[in-house]
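The values are calculated or read from the model by the stated rules, or taken from the named source; none is laboratory data. No experiment lies behind these values; they were computed from the predicted model shown. No Cβ is skipped: glycine too gets one built from the backbone with ideal geometry, and neighbour counts run over all protein chains shown.
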Amino acid sequence: MIGLADKVEYMTTPNGRLDGRVIARGLRVQSTVSLLMVLGLLMVGQVAAYSSLFGSLAAFIPALFFALVVTPKFGPDSVAFLRTAVIAEVIKIFLTALICMAVFIWVKPLAAGWFFAGMAATIFSGRLGLLYRA
């Protein structure tokens, strides 16, 4: 089992900067799992496929925003990093809620179960991308 110190050491370069390749791998895994799920759900039906796609996007777009904002701030100034991470997380939550509201208001018909399944698959697959070393 990998401890917290090992995870932090693994995600940083020798000069203490966050290794963008680890974040990019997590985002790549998320997008790949999302697309594979959508392609598989085309056999179930178009509504299930695009509902899952919108759910995946509702999770992926805020995660991408968070990664783009927080990654450059990782470094020796922990106060700036923490402030940026907290603000970005709040914005990420609001962005997720905004996307969910927009989808549920304007996309008809929508399979809510597949929407949330796509969202959950995207969120959890991103965690898997961070755990495995290349």
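Check region 62-77 and report whether any residue there is in contact with a Pro (Cβ under 8 Å, 6 or more places away or on another chain), part of a loop (DSSP other than H, G, I, E, B) and modelled with pLDDT under 95.
Within region 62-77, not a single residue is in contact with a Pro (Cβ under 8 Å, 6 or more places away or on another chain), part of a loop (DSSP other than H, G, I, E, B) and modelled with pLDDT under 95.
Does GLY113 qualify as being in a helix (DSSP H, G or I) and not charged (D, E, K, R)?
In short, yes.
Pick out the one residue from PHE60, PHE74 that is closer than 27 Å to VAL22 by Cβ, crowded, with 19+ Cβ neighbours inside 10 Å and within 15 Å of the chain's Cα centre (by Cα).
PHE60
For region 36-71, which positions are touching a Ser or Thr at 6+ places or on another chain (Cβ under 8 Å) and free of Cβ contacts under 8 Å to residues at least 12 places away in the same chain?
none
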